[in-house]
1. Can you tell which of 20, 39 is in contact with a helix residue (DSSP H, G or I) (Cβ under 6 Å, 6 or more places away or on another chain) and more than 30 Å from residue 156 (Cβ to Cβ)?
2. Taking the options 86, 50, name whichever one is at pLDDT 85 or above and either under 23 Å from residue 19 (Cβ atoms) or assigned to a loop (DSSP other than H, G, I, E, B) (or both).
3. Looking at (1) modelled with pLDDT under 85; (2) within 14 Å of the chain's Cα centre (by Cα), which is the one condition that is false for residue 55?
4. How about region 89-114: which of its residues are assigned to a helix (DSSP H, G or I) and either at pLDDT 90 or above or closer than 17 Å to residue 43 by Cα (or both)?
5. Residue 60 passes all but one of (1) under 23 Å from residue 152 (Cβ atoms); (2) at pLDDT 90 or above; (3) buried (at least 18 other Cβ atoms within 10 Å of the Cβ); which number fails?
6. Would you point out which residue out of 21, 35, 13, 72 is modelled with pLDDT under 85, surrounded by 12 or more Cβ atoms within 10 Å (Cβ to Cβ) and in a helix (DSSP H, G or I)?
């Protein structure tokens, strides 16, 4: 626990949790998404790496989710250069896969909200330490547990929510 504020970062709270690998994977994906926004490689303007669910690191593979076959075809041409760019920037990826994911998500944001979120994200990434509140993590874990009740992820989320509730009770 931080002696000054009495709080723990999400990373500290999850260190022994089954969700620790998931948190690392999400952080890795976010770092790659930020790097893609400054890529020297020409990506189609309709692809936004910072859009939720647009990119995901799975081990040494980067998976980019695109909204149309046409966009996938355009991006496929620049994948070797993009992989080389990410390698030069310290990402240890061996391949990039494209997956089709139509633009039918319910969590899409308006352009004004997107600009605000991007500004907040850039600030968090510039500080090189992204922290989430334990109560925010608890809310997310509870939603995951309810959404995926009979799955491994759902059970891990239930376990995580239980640990976070204890942490909230201890800190007060």
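The values are calculated or read from the model by the stated rules, or taken from the named source; none is laboratory data. These figures come from a predicted structure and were not determined experimentally. Note: ideal-geometry Cβ built from the backbone for every residue, glycine included; neighbour counts use all protein chains shown.
1. On inspection, the qualifying residue turns out to be 39.
2. After ruling out the rest, the residue left standing is 50.
3. Among (1) modelled with pLDDT under 85; (2) within 14 Å of the chain's Cα centre (by Cα), residue 55 violates only (1).
4. Taking region 89-114 as the starting set, the residues that turn out to be assigned to a helix (DSSP H, G or I) are 111-114.
Of everything in region 89-114, nothing turns out to be assigned to a helix (DSSP H, G or I) and either at pLDDT 90 or above or closer than 17 Å to residue 43 by Cα (or both).
5. Condition not satisfied by residue 60: (3).
6. 13
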